[in-house]
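Undergrad: Have a look at this one.
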Amino acid sequence: MAAVEPALPPEAEERPRKAAKRLRPPGAKSVGWALVQAARMHRGRIGDRLAALGLFAGQEQVVQALAAAGTMTMGDLAATLRVRPPTASKTVTRLAALGFVERQAEAGDGRIVRVRLTEAGLAKAAAIDRIWDEVEAEMLDGFEGKERRRLRKLLRRAARNLAGASGLDVQEADDDLDGPGLEAGEGDRDAD
């Protein structure tokens, strides 16, 4: 025969529910907290899809940068990704082992290494673009074109602020990508 537990008084049952209602994330009103949560979810969604391509989150950014630029020095790649050169080098080494990138030392100066995508890397770049577009559509579902551009501009400014505070190269050209009229809502080119 099973033992019967004594019933709790009604006020004791309400206490845990009330406490749960009051619990909020420590940074619930923080922009940084919201940014970290959104970034974590984005990285997870990208990572899940990249796994099917044999890649890890973060590697796709190297492939995308090289697809856009063609050939880059390791220093330029690190600056573009806003990471330290050893971080870029480690990722390139892993991508080279997979056959997606190749490195070549500069003829006159062996300290300068140029990196470019292989044919296999170019194929991965096309697949990554599709994945990136799908996840971006999920993330921005319900956003209007003007809201998308405004969010992009604000995040770029925040990244520049943090890059400058960290002593990294701050690329001012990002503002030019959005074009004129962002604040006024002109030139709404993004699909909703």
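Undergrad: Over the range 94-143, what relative contact order in percent results from Cα pairs under 8 Å that are six or more residues apart?
TA: This gives 27 percent for the range 94-143.
Undergrad: So what's the range 104-154 giving for Cα Rg divided by 2.2 N^0.38 Å, two decimals?
TA: Ratio of Rg to 2.2 N^0.38 Å for the range 104-154: 1.85.
Undergrad: Can you list the HN-Hα couplings for the range 119-135, worked out from phi with the Karplus curve (6.51, -1.76, 1.60; θ = phi - 60°), rounded to whole Hz and with x for Gly and Pro?
TA: 4, 5, x, 5, 5, 5, 4, 5, 5, 5, 4, 5, 4, 4, 5, 5, 5
Undergrad: Multiply the residue separation of residue 56 and residue 109 by 0.36 nm, subtract the distance between their alpha-carbon atoms, and state the gained length in nm to one decimal.
TA: Length gained between residue 56 and residue 109: 15.9 nm.
Undergrad: May I ask you to compute the full-extension gain from residue 48 to residue 36, defined as 0.36 nm times their residue separation minus their alpha-carbon distance, rounded to one decimal in nm?
TA: 2.5 nm
Since every read-out is calculated from the coordinates, none of them should be taken as a lab result. Please read all numbers here as calculations on a predicted model, not as lab measurements.
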